1. For labels at Arg26 and Arg54 in the simple 7 Å Cα→Cβ model, what's the distance in nm?
2. Give me the net charge for the shell around Asp48: Cβ to Cβ below 14 angstrom, other residues only, Lys and Arg +1, Asp and Glu -1.
3. Which of the chymotrypsin sites (Phe, Trp or Tyr not before Pro) across the stretch 4-36 are loop residues per DSSP, with 14 or fewer other Cβ within 10 Å?
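Readers should treat all values here as calculations from the given coordinates under stated rules, not as data from a laboratory. Computed from a predicted model, the values in this text were never measured in an experiment. So basically every Cβ, Gly included, is an ideal-geometry build from the backbone, and we count neighbours across all protein chains shown.
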Amino acid sequence: MLIPLPFTTVYGVLDQPIHVPPDLSRQQLAEYTARVQQAMDRLQERLDDWIAGRVERFEFNHTDQPRAAA
């Protein structure tokens, strides 16, 4: 992680929240860990495309957002 210099413009990008219930078994926690990692990887790919100029606007496609298990 880099700490920006004073007066540097910083952009933050958020995605839909992933709610992780308390008191999960190790197996269930591993499933949520994988979901969170996939969401972060997908967001990083989108950011890389935007930064490289391959896309003009950064938009979310809400149909592919990770969801909490019911």
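1. In this crude label model, Arg26 to Arg54 measures out at 3.8 nm.
2. Counting the neighbours of Asp48, the net charge comes to 0.
3. Sites meeting the loop and neighbour criteria: Phe7, Tyr11.
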